[in-house]
């Protein structure tokens with residue numbers, strides 16, 4: 001009995017919470033899944049879907065653009081790096097703006113930016129404009145990641161939060177498959193030097209439009225409103241989820257007035273910003289959500305963005321002959337599509353595995369599987385006849401990598417930052433973690449063509465396997481267990497580690 005009381009105290013927030021605020025969050029946490037929850041989920045997936053689409057389409061587009069704009073290897077890496085580098089800027093800026101101005105305004109603004117950037121990329125007259133447009137695409141996607149994930153976490157019922165967030169990041173895999181579908185349709189009738197690449201990039205703008213229009217009708221986050229003292233607005237939004245409690249919610253709003261809902265491991269009144277992430281109370285969590293995600297993105301984006309090129313290089317015995325040849329680009333896109341199906345399968349697996357096994361365990365299992373996939377590819381390159389003679393093993397290696405990546409760290413690194421920090425800095429913290437990760441992605445996509453050119457594809461595979469193992473080790477080293485807790489309970493004074 002004593003241990004139960006101790007556990008209950010450990011789950012309480014570090015500072016007293018007004019009973020009306022507690023009642024409001026209880027409505028959120030204990031709600032059944034309603035139509036509004038599914039609509040919020042669907043419209044929060046814009047960044048993840050477009051991340052997958054943009055990554056795949058740029059990977060397919062680059063071989064077509066290289067001869068048209070006479071791009072050297074460094075410019076190929078720069079075009080890809082701009083997409084990733086933009087997400088660094090977007091994640092930091094978007095998270096900060098969302099904590100200050102609210103989730104909804106930023107979710108609308110980043111979709112507007114994405115539409116403009118996608119059209120600019122499709123109409124680019126030269127390499128410089130294309131590279132600049134990809135930077136803006138990255139900024140828009142980067143803005144949406146922390147804002148969309150925070151918004152989703154703050155609305156979902158506690159029992160369904162992990163599964164719904166895993167489903168949100170799974171949409172990234174659907175985006176890659178959608179990109180593969182666009183590519184396969186358009187490349188069927190493509191010819192060297194034509195404008196097929198423009199239509200590939202323009203497809204992104206078409207996907208932005210329904211997200212932009214739908215988000216205009218979304219409510220603001222209830223938890224954000226409470227965290228800013230906008231309790232009347234929070235009550236009005238909650239009435240849409242619990243109409244039978246309208247009178248009680250109105251009374252709560254009157255009692256609360258402008259009182260701020262503060263639930264954190266640090267005292268009320270203390271400034272909350274980037275310093276919060278590195279305070280003694282939150283430092284371990286920051287290491288957990290940044291370092292493994294950094295190494296995951298080094299591997300994921302490095303392999304994912306250049307899957308088409310890597311497959312072509314290994315298929316042709318390392319001579320890189322696919323560049324500029326539409327027929328071979330189509331064949332490699334077909335193989336990439338087969339491989340990317342396992343992104344979706346892993347994402348489906350994560351819907352069951354992450355809630356059942358927990359965030360930390362699935363993150364470690366996933367990193368181990370990623371290393372295994374790279375090991376199979378490395379093995380294929382060293383076998384008799386070289387990689388070109390073992391295409392099936394190559395495809396299996398990519399499939400294993402994709403399956404474990406999306407079943408584990410791709411989902412968990414997206415979820416953990418939204419749970420580890422209080423509402424007032426949730427989006428910024430998620431944005432900071434995403435920005436650190438995308439720095440890894442930027443380094444990877446910029447350096448991978450250079451490393452492949454100088455040292456060969458074998459060294460690329462060895463590096464990707466090594467960073468996957470580093471992700472596993474760091475997850476174990478900085479693990480924080482908070483399974484089954486609400487967003488508020490995560491900030492109790494004695495959360496077990």
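Each reported figure results from applying straightforward, stated rules to the coordinates on display, with no laboratory input. Note that the coordinates shown come from a computational prediction; the quantities given were computed from them, not determined experimentally. Counting neighbours? That spans all protein chains shown, and the Cβs are built from the backbone with ideal geometry, glycine included.
Some notes on this structure:
- Label-to-label distance, nm, for residues given as residue 485 and residue 287 (7 Å Cα→Cβ offset): 1.8
- Inter-label distance, residue 240 to residue 357: 3.7 nm, where each label sits 7 Å from its Cα along the C-beta direction.
- Quotient of the Cα radius of gyration of the stretch 107-173 and 2.2 N^0.38 Å, N being its number of residues: 1.40.
- Ranking of 467, 17, 445, 460 by count of other Cβ atoms within 10 Å, fewest first: 17, 467, 460, 445
- Size of the stretch 140-207 from its Cα atoms: along the principal axes, largest to smallest, the extents are 52, 20, 14 Å.
- When the stretch 20-169 is reduced to its Cα atoms, the Kirkwood hydrodynamic radius in Å: 16.6
- Working note: Cα gyration tensor of the stretch 81-195, eigenvalues times five, square-rooted, sorted largest first, giving semi-axes of 30, 20, 10 Å.
- At R0 = 25 Å, FRET efficiency that the Cβ-Cβ distance of residue 34 and residue 341 yields, to 0.05: 0.20
- Proxy reagent accessibility, fewest Cβ within 10 Å first, across 104, 258: 258, 104
- Kirkwood hydrodynamic radius of the stretch 357-497, Cα pairs, Å: 16.8
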